[in-house]
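Before any comments, here is the structure.
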Amino acid sequence: MSDRSTRRMFMGTALATGFAALSMPACAQRNGPARRFDVQDFGALGDGKGDDGPAFQRAIDAAAAAGGGTVRFGPGIFALRLSPGPGGNGGAAFTLRSGVRLEGADRARSVLRLADGQLGPGTFLRIIASEGTLENAGLSDFTLDANRTGQGEFRDASNGGAIVLGWGGRCTNVSVERVTVRGANGQGMMLLGAVGNPGRALRVADCLVERASYIGIQSSQFDGLVIERNTVTDCVDNGIDVYGNDDANHSIIATSHRGVIRGNVIRRCGIGIFLETVADCQAVENDVTDCRLAGLRINRINGEPRNLLVARNRFAGSPFGVAVGGDTGGVEIRDNTISGFTTAGVQFTYNVSHITVAGNRFLPAKPTVPVVLGQPIDPKRDPQEQLAFVTLGQNSVPRGHRADAMFVNNYKRQFMIDVGRFVPTR
């Protein structure tokens with residue numbers, strides 16, 4: 001298991017069966033009454049002044065009291081200020097309720113904007129929040145300007161976020177679609193569950209998140225998650241981050257399951273996609289470029305990452321294409337194009353096991369750069385870190401790449417390492 005300090009740096013049939021349910025839309029809203037509420041009927045002005053948050057809250061509460069419905073807001077800039085958040089934790093502009101969908105006209109015309117100077121020391125910010133369990137709810141078709149630059153000296157927070165749903169409870173059947181978040185303090189978007197009470201049927205699709213001071217899109221403690229066709233750029237930390245560790249009990253069983261990260265575009269983040277202590281998940285057909293550390297990282301804290309597929313992605317322009325830290329219960333890294341890497345195409349660090357790297361196309365920045373690198377964190381550790389049950393096969397490299405840079409293995413303790421052929425290509 002990897003040290004917590006390393007956090008940032010389905011195999012075959014199981015894949016086919018484990019993801020079958022996720023081929024369906026993850027958050028198809030349940031059929032219900034078509035009740036509609038307009039925020040302007042509750043006092044919202046949309047003139048970029050004052051505080052429209054209370055009007056949004058009145059409309060949301062009215063929809064929830066009526067048994068659910070859609071709260072709409074049309075063109076305009078709707079100014080928001082923070083009030084005490086649900087449960088007395090930090091600040092929030094308004095709180096989404098179960099059964100309510102908040103819907104703008106479109107992202108170009110319907111804009112929510114956080115006012116200047118809303119943060120102070122230690123503020124736990126949630127511009128759009130929820131309280132306890134949030135069910136059958138959603139956000140769509142608007143832009144949220146979180147106005148990070150307008151928060152002065154508090155512009156670089158790493159806690160809270162622009163959209164934080166499920167805090168203190170969980171999300172069930174919740175979606176965020178066609179929403180733009182700009183300049184978030186902390187996370188751009190978070191959909192959450194809890195250990196033993198995971199979020200279910202979660203979906204983030206066709207969104208744009210840019211310039212968050214921490215993570216772009218984050219979900220933890222889930223059982224059924226789809227993150228697809230989003231664009232995430234210029235976030236300080238990870239672009240897309242999924243997490244499933246039992247921090248309190250240190251269980252070796254991952255607590256997040258059945259996630260699909262598919263068809264996303266990620267640019268200039270710390271790590272493009274971070275899979276931490278999750279199981280039965282896949283990252284496929286993503287386009288990840290120019291991240292500062294790695295295109296994708298798989299990490300273990302306590303729970304074992306298991307049945308993970310990383311396939312048909314494009315990783316370009318990062319020091320590492322894919323990095324793996326910690327023993328796993330099975331990871332396939334297959335059929336990816338990994339280019340422009342300056343340190344290694346695939347890196348193993350700490351204790352690593354049960355990894356297959358096959359059918360990938362590697363295009364390193366230089367012919368001396370390791371294609372696959374095994375690098376213990378601490379060669380003097382007792383007991384020594386181990387690399388075990390690793391298979392490399394039918395990966396392609398440019399013709400003329402140095403033979404001693406195909407697989408550079410610095411582990412002294414190793415078991416069942418099968419290094420197949422690296423296929424030269426023009």
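The values are calculated or read from the model by the stated rules, or taken from the named source; none is laboratory data. Note that the structure is a prediction, hence the values are computed from the model and not measured. Here the Cβ positions follow ideal geometry from the backbone for every residue, glycine too, while neighbour counts run over all protein chains shown. The accessibility values were calculated without ligands, DNA or RNA, using every heavy atom of the protein model including side chains. Shrake-Rupley method; radii C 1.70, N 1.55, O 1.52, S 1.80 Å.
Residue check, Ile266 against (1) crowded, with 22+ Cβ neighbours inside 10 Å; (2) over 14 Å from the mean Cα position of the chain (by Cα); (3) in a strand (DSSP E or B), all met but one. Which one?
For Ile266, the failing item is (2).
Rundown of residues vs (1) out of contact with any Pro (no Cβ under 8 Å at 6 or more places or on another chain); (2) surrounded by fewer than 24 Cβ atoms within 10 Å (Cβ to Cβ); (3) on the phi < 0 side of the Ramachandran plot, yes/no style:
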{"residue": "Pro75", "(1), (2), (3)": "yes, yes, yes"}
{"residue": "Leu82", "(1), (2), (3)": "yes, yes, yes"}
{"residue": "Leu96", "(1), (2), (3)": "yes, no, yes"}
{"residue": "Leu119", "(1), (2), (3)": "yes, no, yes"}
{"residue": "Phe124", "(1), (2), (3)": "yes, yes, yes"}
{"residue": "Ala129", "(1), (2), (3)": "no, no, yes"}
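Please state which one of Arg229, Arg178 is in contact with a Cys (Cβ under 8 Å, 6 or more places away or on another chain) and closer than 24 Å to Ala108 by Cβ. Please lay out each step first, then the result.
Values: Arg229 fails: in contact with a Cys (Cβ under 8 Å, 6 or more places away or on another chain).
After applying the criteria, what remains is Arg178.
Of everything in the range 41-73, what is assigned to a loop (DSSP other than H, G, I, E, B) and under 17 Å from Val100 (Cα atoms)? Give them in sequence order. It would help to see each step written out before you state the result.
Taking the range 41-73 and keeping what is assigned to a loop (DSSP other than H, G, I, E, B), we get 43-46, 48-52, 66-68.
Ala66, Gly67, Gly68 - these are the residues of the range 41-73 that are assigned to a loop (DSSP other than H, G, I, E, B) and under 17 Å from Val100 (Cα atoms).
Quick test of your reading of the structure: Val232 fulfils all but one of (1) part of a strand (DSSP E or B); (2) of a type in the set (Val, Ile, Thr); (3) more than 23 Å from Phe124 (Cα to Cα); (4) touching a Gly at 6+ places or on another chain (Cβ under 6 Å). Name the failing condition by number.
In the conditions (1) part of a strand (DSSP E or B); (2) of a type in the set (Val, Ile, Thr); (3) more than 23 Å from Phe124 (Cα to Cα); (4) touching a Gly at 6+ places or on another chain (Cβ under 6 Å), Val232 misses (3) alone.
Considering only residues that are open to solvent by 50 Å² or more (accessible area, probe 1.4 Å) and either part of a strand (DSSP E or B) or at pLDDT 95 or above (or both), which ones fall in the range 84-93?
First, pick out the residues of the range 84-93 that are open to solvent by 50 Å² or more (accessible area, probe 1.4 Å): 84, 87-89.
Within the range 84-93, Pro84 is the sole residue that qualifies.
Return the residues of the range 348-390 that are among the aliphatic types (A, V, I, L, M) and in contact with a Lys or Arg (Cβ under 7 Å, 6 or more places away or on another chain); say none if nothing qualifies.
Step one: of the range 348-390, the residues among the aliphatic types (A, V, I, L, M) are 352, 355, 357-358, 363, 365, 369, 371-373, 377, 387-388, 390.
Selection gives Ala358 alone.
Of Thr425, Thr356, Thr337, which residue is surrounded by fewer than 22 Cβ atoms within 10 Å (Cβ to Cβ), within 22 Å of Glu285 (Cβ to Cβ), β-branched (Val, Ile, Thr) and at pLDDT below 95? Give the steps one after another, and end with the answer.
On the way: Thr356 fails: at pLDDT below 95; Thr337 fails: at pLDDT below 95.
From the options Thr425, Thr356, Thr337, the qualifying one is Thr425.
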